[in-house]
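The values are calculated or read from the model by the stated rules, or taken from the named source; none is laboratory data. Predicted, not measured: the structure shown is a model, and the values here were computed from it. A quick note on method: Cβ atoms are made from the backbone with ideal geometry, for glycine too, and the neighbour counts reach across all protein chains shown. Quick note on the areas: whole protein, heavy atoms, side chains included, nothing else; ligands and nucleic acids left out. Shrake-Rupley method; radii C 1.70, N 1.55, O 1.52, S 1.80 Å.
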Amino acid sequence: MHKIELNNEINLTLEEIAQAIFKHWFIDFEFPNENGEPYKSSGGKLIETELGKMPKTWKVVTINEIANNDIVTGKTPSTKKKEYYGDFMPFVTIPDMHSNVFVVKPERFLSKKGVLSQVSKTLPKFSIMVSCIATPGLVSITGTESQTNQQINSIKCEYNQCFYLYNTMKNLSDHIIQLGSGGSTTLNLNKTEFGKIKILHPENKIMNKFHNTVEPLYLQILNTQKENESL
């Protein structure tokens, strides 16, 4: 038990470090320039955009664009068919996402037959899952190939973009909650509206540099979460 608590504390610290790097680079615009100096402090130019200021070589893109129009809204296989559930593939629901960077071992798993009944809903490892119904704004990463229920929209992305997108979506959590309000009692942000959300897209060399900087932190978080599950 003590080991699990210690692991959780380590993971919290690792994520705080990664979030601090993200903020420094992509909110304060102090990512290293070509001379290795902080961009904004070294006189790096910023231009005005609909999302506020950004470096002139960056772009404003929609979630749809970054996902290559491949946002996946999950689906629950018929619960009347017991043979659809088993231990073959993680089936992620909102409770599994609370306080977890990665979802490694959710409450429920699908059988191979359950997965094959909706193959298009399978997410690769390192996809970004965002809760959009009932409790919108939670963000987690798939720790392995997974499927989710219909309350979650997921972004299948290039591996070198996943940690940038994870932090970007975490930063947009309040915005997602607002978009999901829409005056109804159940908070609901549909796939179309989710896909229209605009984010900053840094140039690839900055994205790659960020990925290489934080990747060891996130892989350690993933391994520690797996260790906790086996404990």
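With the simple model of a label 7 Å out from the Cα in the direction of the Cβ, residue 119 to residue 193 spans 3.4 nm. Look at the alpha carbon pairs under 8 Å that are at least 6 residues apart: their mean separation over the length of the chain gives a relative contact order of 24 percent.
From the largest down, the stretch 156-231 spans 42, 40, 19 angstrom on the principal axes of its Cα atoms. Protein heavy-atom surface of the chain, 1.4 angstrom probe: 50% of the accessible area is carbon and sulfur, with nucleic acids and ligands not counted. Near the amide H of residue 49, within less than 5 Å, lie the amide hydrogens of 54, all on another chain or at least 5 residues away, with H placed in the peptide plane.
Give the shape of the stretch 100-224 as rounded, prolate or oblate, defined through the alpha-carbon gyration tensor: a ≥ b ≥ c are the square roots of its eigenvalues, a/c under 1.5 means rounded, and otherwise the shape is prolate if a/b is larger than b/c and oblate if not. Oblate, because a/c is 1.5 or more while a/b does not exceed b/c. 3J(HN,Hα) along the stretch 128-133: 9, 9, 10, 6, 10, 10 Hz, from the Karplus curve 6.51 cos²θ - 1.76 cosθ + 1.60 with θ = phi - 60°, whole Hz, x for Gly and Pro. The residue 226 and residue 158 beta-carbon pair, evaluated with R₀ = 30 Å, returns a calculated FRET efficiency of approximately 0.80. Take the Cβ atoms of residue 181 and residue 83, set R0 to 35 Å, and the FRET efficiency comes out at 0.35.
Computed 3J(HN,Hα) for the stretch 89-101, one whole-Hz value per residue from the Karplus formula 6.51 cos²θ - 1.76 cosθ + 1.60 where θ = phi - 60°, is 9, x, 10, 8, 10, 3, x, 5, 8, 4, 6, 10, 5, glycine and proline marked x. Given H placed 1.01 Å from N in the peptide plane, which residues other than close sequence neighbours of residue 109 have an amide H under 5 Å from its amide H? Amide H to amide H, under 5 Å and 5 or more residues apart or across chains, residue 109 pairs with 86, 91. Annotation note: GluC sites (Glu not before Pro) in the stretch 148-231 located in DSSP loop regions with a Cβ neighbour count of at most 16 within 10 Å are 158, 203. Among 32, 151, 63, whose Cα sits farthest toward the positive end of the charge dipole of the chain (+1 at Cβ of Lys/Arg, -1 at Cβ of Asp/Glu, about the Cα centre)? About the Cα centre, the residue reaching furthest to the positive side is 151.
Normalising the Debye intensity of the stretch 1-155 to I(0), with uniform scatterers on Cα atoms only, and taking log10 at q = 0.16 Å⁻¹ returns -0.99. For residue 102, the residues 5 or more places off, or on other chains, whose built amide H falls under 5 Å of its own are 141.
Between the alpha-carbon centres of the stretch 22-45 and the stretch 69-138 there is a gap of 38 Å. In a simple Cβ point-charge model (Lys, Arg +1; Asp, Glu -1; nothing else charged), the stretch 63-175 has a dipole of about 500 debye relative to its Cα centre.
Could you list the GluC sites (Glu not before Pro) in the stretch 1-99 that lie in coil according to DSSP, counting only those with at most 16 other Cβ atoms within 10 Å of their Cβ?
Answer by residue number: 34, 50.
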